[in-house]
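Have a look at the structure below before the remarks.
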Amino acid sequence: MVKFIADSSCDKISFEGVNFESVPLTIYTDEKSYLDDDKIDVHDMLDYLSNYHARSYTACPSADQWLTAFGDADEIYVVTLTSGLSGTYNSACVAKDMFLQDHPDAKIHVIDSLSTGPEMHLIVEKLIELKNEGNSFEDTVAKITEYYKTTRLFFSFFSLHNFAQNGRVSKVVASAIGILNIRVLGTADEEGKVGVIAKCKGEKKMLSSLMAEIEKAGYKGGKFRISHVENEPLSQKVCELIKEKYPNADTLYYPAKGLCSYYAERNGIIIGFEC
């Protein structure tokens, strides 16, 4: 039995027609927690966090959670949030070693996506495609390793409040961005660490800069995925701009789940695409 697994920063609970499972991360404050599963109320979480001004943070799945997800599958493919931001990859690798002690004939490949959200979505889609083509475990591992070297991630955030609350940026910087109506445009580097490319005043400037960065990254009309935090209109606009230049582009947008919504915050978007 083949099984595909990703942590919840992939933003997907299911992929049609395949054995897929999402393993949840957890969002914490000193007052309450949100498990990023199919029951999470993202809107409620966003309302709460926007008015919360003490520490907040996230926690990766435990090795036991991964082991439960592995179940009794014979061939397992795991895609995790970048190790540059989380211990999720390491936790999955610990679970892999534990599982193989009791199931020595099983085959497990754990992928550090060096990314999150839509780029993880693309990796899972490609894994499913490779297995549907009849590739062996070894060939699938080799091909997916080459594939995710050809995908990229960009994001546009309207707020850095939660980044400030968990100590990743200064509260002064986060406050200035909120007051000045600035959109932060950023990407993930080759080591899976998030960095800011530009700070854009207004949506028009942000869209112009975003399209320029996508072109510069080498996009030529391949798969294009967007997860958004309660901002379907902006996601649709970006996809329309892509379609104007690449009419045959395979575009898709969908709501972000808890972990990506925590970092992207309300109105933010995260983009993954094939170069």
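Scan the range 61-82 for residues that are of a type outside the set (A, V, I, L, M) and in a helix (DSSP H, G or I) and jot them down.
Within the range 61-82, Asp64, Gln65, Trp66, Thr68, Phe70 qualify.
Looking at the range 199-275, what strands (runs of 3 or more DSSP E) fall wholly within it and have at least 3 residues that are buried (at least 23 other Cβ atoms within 10 Å of the Cβ) and either touching a helix residue (DSSP H, G or I) at 6+ places or on another chain (Cβ under 6 Å) or not charged (D, E, K, R) (or both)?
224-228, 269-274
Collect the residues in the range 71-88 that are surrounded by 23 or more Cβ atoms within 10 Å (Cβ to Cβ) and more than 16 Å from Tyr263 (Cβ to Cβ), keeping them in residue-number order.
Scanning the range 71-88 gives Ile76, Tyr77, Val78, Val79.
For (1) buried (at least 20 other Cβ atoms within 10 Å of the Cβ); (2) in contact with a Ser or Thr (Cβ under 9 Å, 6 or more places away or on another chain); (3) of a type in the set (Val, Ile, Thr), each residue gets a yes or a no:
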| site | (1), (2), (3) |
| --- | --- |
| Met98 | no, no, no |
| Ala106 | no, no, no |
| Met120 | yes, yes, no |
| Val141 | no, no, yes |
| Thr150 | no, no, yes |
| Phe155 | yes, yes, no |
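Read-outs: derived from the displayed coordinates by stated rules, not from any lab. Predicted model, so just to flag it, every value in this text is computed and none were measured. Here Cβ is always computed from backbone atoms with ideal geometry, including for glycine, and neighbour counts include all displayed protein chains.
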